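The values are calculated or read from the model by the stated rules, or taken from the named source; none is laboratory data. Since the model is a prediction, treat every value here as computed from it, not as a measurement. Please note: Cβ atoms are built from the backbone with ideal geometry, for glycine as well, and neighbour counts cover all protein chains shown.
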Amino acid sequence: MIRFFYLLLALPLGCLSVQAQPVAAARPPQRTTAEPPGGPVSPIYLKVYGYYGPLTPGSLLSSTYSNNATGGQTFKTTRFGLGAGARAGIGIGFIASDFINLGLDADWLFADKLKRENATSYNNFTYSNTITTNLQVASLVPNITFKALARPSYYIYNRLGIMVGAVLTYEQVINELNTGPKVSPTTGVYRWRFSKNSLALGYQAALGVQFHLSETLRGFVELVAINQSFRPQEGTFSYVSTQDGKTLSNDATSFVYKSGVAGVTTDAQGRNVVPVTNVAMNSVGVGAGLVYRF
């Protein structure tokens, strides 16, 4: 009797196991990536992006001052350093696995002009100047992306990249104005144009989220920190002063940077030799862009 009971119990269980096999076999495998069903299968993608970095920790900062006849003086450090401003770029990438992407970006820095204004007044004489720094850099950025959290419609990632840049423009210009009683105003323009610079080397780190817009198009937003610097090597210095439309002086000279130099000297070509300096152009900001999957 007991054996018959076990036989009756085993029969429906056996039928359930047989019927469950084709159902399980028909069930599609679970996806481990953030790709939607029917999404692209090519591991290659292209991207375009824009970025703006208003924060410049560790960058070259400027300062402004003003003096007056009564002895009053104000001194203020500028909010932004060298490297603040907009970047734009394009890139190509390869999806190496569910968790790692490899990429190469081409990045252009259109740095904000650093401008500072100074003024000094004494006995009705006034001296003022405006100092402007211009900078543009183009960089190649090989990078690796790690997917931290993947969901069917988005994934969170962090990216690390090495920046190798060429300095396209780097110059500093001082426009001065001298005024006084019974004297025609005198203007002067000082210009340092750095014609040769080292590679702008550094790194970038980003934390972002990428989300699906369609089967082939994605969008992303990210927080990016950039640390990059270079060393000027050669350049020219010029000074032009005018009064009443007439040129008072027009001088120009060239200079080179060398290590191991304590002060300003002159080489055999008559160029000024000055100590090597390091120019930092760091930034922290927000970027956004589009990714196209083939």
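Within segment 252-272, can you find the residues that are over 24 Å from V189 (Cα atoms) and part of a strand (DSSP E or B)?
K258
Could you tell me which of the residues T277, T247 is touching a Pro at 6+ places or on another chain (Cβ under 7 Å) and exposed (fewer than 12 other Cβ atoms within 10 Å of the Cβ)?
Being touching a Pro at 6+ places or on another chain (Cβ under 7 Å) and exposed (fewer than 12 other Cβ atoms within 10 Å of the Cβ) holds for just one of T277, T247, which is T277.
Among the candidates G235, G208, which residue alone is small (G, A, S), surrounded by 16 or more Cβ atoms within 10 Å (Cβ to Cβ) and in contact with a Leu (Cβ under 8 Å, 6 or more places away or on another chain)?
Just one listed residue meets the conditions, G208.
Of all strands (runs of 3 or more DSSP E) completely enclosed by segment 116-208, which ones contain at least 2 residues that are within 18 Å of the chain's Cα centre (by Cα) and modelled with pLDDT of 95 or more?
Output list reads 125-151, 154-180.
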